[in-house]
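None of the figures in this text is laboratory data; all of them are computed from the coordinates on show. Just so you know, these numbers come straight off a predicted model, no measurement behind them. Neighbour counts run over all protein chains shown; Cβ positions are idealised from the backbone, glycine included.
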Amino acid sequence: MIKKFFKWIFKLIVGIILLIAVTYGGFHLWEYATGGKYVEYLEANSETIKLEENFSYDLMRSDLEKNDLILVGEIHGFHEPIVFDVDFFKYLHKNHGVRHYVVELDFVQGQLMNEYLVTGDQDILKTVLKKWVVVQGRNNQDYFDKYVALQQFYGTLPETEKFKFIGIDRIQDYDLITEYVENFPSSDSIQKAGTTATLLDKIDSLSISYSGNEDTLFLLSHVKENLLQLADKVNREAVLFSNFEKLFKQYKLQNRKLYGYFGLYHVFQYRVNGADPLASKIRASDLNLDGKILSINFLMNDSYMVMPSQELPEFMREPGPYTRMPISADNMLFMYLVGIKDFNRMTPESSKSLVKLNAEDSPYSNTIRMNQAIQLLPVTDLLEFNDKGKPYTQYTIFVRNSDWAQPMESK
């Protein structure tokens, strides 16, 4: 009886393994067999270059001319998106008159980053990045070098062509907010350990002192609102939009071209996981940017991401404070993006491709390709695109074999 039971269990296990193998093989066979028209489209609507080269951006020229808000969504922790950011911003500055860089920093961090642009004082840069919301970018050489490169670029520009950062994130560094308020002329001393109520009282007092200065009153009211949002635990995406909206209007940025560089989720133009990301909120707002937003996202294959080891499950950690994590969008266990093999088929290793997704003959409308992910092990959250058939992004950058963004300790 026992012998028959084990034989039955053995047959069951073998059957399950065979079923999985047949299903897995059948899926890839289907993906390959139906991929011809997608590969043909990708080859005709992309610019593919070696990792060490820079794009010409000729493919995007007409779209860049037509749109006012250009958003790039990176997957944090990779080397190549950081390199792209600097090169692309320089291109937009030179060829499309972009003078404002909207960034995933809070308002005071953004103000300090503008001070860094002028002075080149790297202690200011270290202060800004110390408590940056992008944990992969703290104490990281690649992210640090990115801002150094932007500051050096700033230094080469005549006064009429200088640019500035606009920080729209919720408060990330409470100490910097305290120092910002404390450093207003005529203000009384504030203890750094002071409560939010203390800061709000001080801002109200300063507002009376500066009642005749509209610009300063705006700055004080903007900081006050961010403190209240922090205290009320307002959803981060709502804070990002609220700050963008207010600064957009205050700086009179209508009909100007803006560039923004954020985490991937924030640049999608329609609902994801049942909620509206930043770009979706902007599109649906009264800022007159609907149809004037260009979103670009990154896809990474056979690449490496930096992660603080303590942020990972123990079985995924490497020795030391940082882990060099292999990441690929064609990994069926952790995340497999349906149609990703089409991108592999049309690109060599160690390359990057700028791909136009919104051409008139695009086969990606109303299909699960590039809109559906498969995950056998629920290690990370998947993105569900709720508004089927909508243009979530207009371009993607497909990268093969990117290195990690290198932490400073590893040098």
Once the Cβ-Cβ distance between Lys249 and Lys126 is put in as r, and R0 is 41 Å, what FRET efficiency do you end up with, to the nearest 0.05?
0.80
Please determine, in degrees from 0 to 90 and to the nearest 10, the orientation of helix 214-231 with respect to the longest principal axis defined by the Cα atoms of the chain, where the helix direction is its Cα long axis.
50
Please compute the length gained on full extension between Ser56 and Asp175, using 0.36 nm multiplied by the number of residues separating them and subtracting their Cα-Cα distance.
38.6 nm
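Sorted from fewest to most neighbouring beta carbons within 10 Å, what does the list Ser205, Ser295, Ser46, Ser62 look like?
Fewest to most other Cβ atoms nearby, the residues stand as Ser62, Ser205, Ser46, Ser295.
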Neighbour-count ranking for Arg61, Arg138, Arg400 (other C-beta within 10 angstrom, fewest to most) reads Arg61, Arg138, Arg400
Whole-number percent relative contact order across the chain, with pairs defined as alpha carbons under 8 Å at least 6 apart
25
Helix axis angle, 236-250 relative to the chain longest principal axis, alpha carbon, degrees
50
Got a sec? Which residues in the range 40-65 would a label at Asp361 touch, if it sits 7 Å along Cα→Cβ and we count backbone N under 12 Å?
40-45
Can you give me the distance in nm between label points at Thr196 and Ile208, each placed 7 Å from the Cα along the Cα-to-Cβ direction?
2.4
Listed here are the pairs Lys252/Lys292; Lys252/Lys281; Lys66/Lys341; which of them are more than 24 Å apart at the Cα?
Lys66/Lys341
If the chain between Asp330 and Thr160 were fully stretched, how many nm would it gain, using 0.36 nm times the residue separation less the Cα-Cα distance?
56.6 nm
Out of every Cα pair in the range 173-233, what percent are spaced more than 16 Å from each other?
37
